[in-house]
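Each value in this text was obtained by applying a stated rule to the coordinates, not by laboratory testing. Source: prediction; values computed, not measured. Heads up, the Cβs are rebuilt from the backbone with ideal geometry, glycines too, and the neighbour counts pull from every protein chain shown.
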Amino acid sequence: MKMKNLSLLLLTLTLLFISVCSQVQQTQFVYRWPETYCEKATPTVACTKIPLQFTLVGFWGTDSSGGIQQGCQDTGTYDWAKVFTTETVNKLTAFWPSLSTQDPTEMWKAAWTTYGTCLISKFKTPTQYFNRAIRLSDAIGGGNLLQGQLIGKDGIVPCDSATYTNAEILKSLTAVTTVNNQKEKKVSFTCNSINSTHAYLNQVTFCYTNNAQYYTDCPTTVISKRCNVPNIIVPRPPTPTARASSLQDLLTGEKIGPNVLWETLGQLF
Ligand SMILES: *[C@@H]1O[C@H](CO)[C@@H](O)[C@H](O)[C@H]1NC(C)=O
């Protein structure tokens with residue numbers, strides 16, 4: 001009898017523990033500013049391209065202490081060709097490109113395996129997970145955080161010689177969360193330090209309810225890491241190689257149409 005009670009107790013405790021541990025408290029959508037990630041980090045990261053836009057680092061669940069949930073069990077097998085349709089690939093590439101030589105589909109698969117599987121109670125399949133990521137991205141600055149919010153609404157332009165105050169960056173990013181007249185929610189952003197007064201904008205974190213539906217305040221563990229240097233630079237990536245190749249086309253007289261010419265001139269000035 002005693003033995004039975006003990007094992008019952010253990011079983012109850014185990015179940016309790018499992019349910020507490022696997023509880024998704026919030027979800028997070030984390031962007032990076034590629035120029036900072038690729039060029040302003042030590043050691044630097046070898047990037048094959050540095051887009052002039054925020055790109056996704058990850059979409060994951062966090063537990064009650066703000067820890068990222070990863071490496072959950074996934075027993076499903078998926079037809080990845082069906083998951084990554086041309087439409088999905090195009091949409092994901094727009095905000096979640098690979099910055100290295102890594103095949104983006106491998107990167108996305110790894111994101112599902114590492115983080116998506118821990119959200120399986122909310123998103124049953126990789127397709128549901130990626131569709132939600134697309135939906136969240138579409139809602140942030142109309143699908144382009146830089147153009148739609150920072151530049152478009154607040155005049156925060158990536159430029160190595162421009163500095164913005166901590167409050168200006170925070171206000172701009174926080175404004176994203178006021179969609180549908182919602183009260184603003186706490187967001188976070190980190191920097192790569194230059195010196196005691198200046199730093200480069202690095203990552204931006206938006207936090208959501210556990211079903212990734214609504215913005216919610218990021219937890220204190222995340223807010224406490226927020227960049228608090230007074231002067232923030234959003235560094236501008238070097239000229240994309242597209243410019244060089246269209247310049248070359250211009251010089252060699254190939255593929256020249258009025259559009260190419262205007263585009264080239266537009267990039268030059
Ligand atoms: C800190 O770095 C910024 C940007 O490079 C520079 O303009 C500034 O003079 C530096 N300040 C100090 C105290 O070194």
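In cubic angstrom, how much convex hull volume per residue do the alpha carbon atoms of segment 23-233 span?
Values: hull volume 25.9 nm³, N = 211.
In segment 23-233, the Cα convex hull volume per residue is 123 Å³.
From the phi angles alone, apply the Karplus equation (6.51, -1.76, 1.60; θ = phi - 60°) to segment 26-37 and give each ³J(HN,Hα) in whole Hz, x where the residue is Gly or Pro.
Those phi angles translate into 9, 10, 10, 10, 10, 9, 10, 9, x, 4, 5, 4 Hz.
If the chain between GLU106 and ASP79 were fully stretched, how many nm would it gain, using 0.36 nm times the residue separation less the Cα-Cα distance?
Gain in length upon complete extension: 8.4 nm.
State which entries of LYS91/LYS122; LYS122/LYS185; LYS82/LYS185 exceed 26 angstrom in Cα-Cα distance in the structure shown.
LYS82/LYS185
How would you order 43-49, 151-157 from highest to lowest mean count of nearby Cβ atoms within 10 Å?
Averaged packing, sorted descending, gives the order 151-157, 43-49.
Listed highest first by mean packing, meaning other Cβ atoms within 10 Å per residue, what order do 216-222, 26-32, 191-197, 129-135 come in?
26-32, 129-135, 216-222, 191-197
Can you give the Rg to Rh ratio for segment 22-80, taking only C-alpha atoms and Rh from Kirkwood?
On the Cα set of segment 22-80, Rg over Rh gives 1.10.
Using Cβ counts within 10 Å as a stand-in for footprinting exposure, how do CYS72, CYS207, CYS227 rank, fewest first?
Least to most surrounded, the residues fall as CYS72, CYS227, CYS207.
Under 16 Å from the Cα of LYS186, which aspartates and glutamates turn up, not counting those fewer than eight places away in the same chain?
GLU168, ASP217
Find out how many positive minus negative residues lie around SER193, taking Lys and Arg as positive, Asp and Glu as negative, among other residues whose Cβ is under 14 Å from that of SER193.
+3
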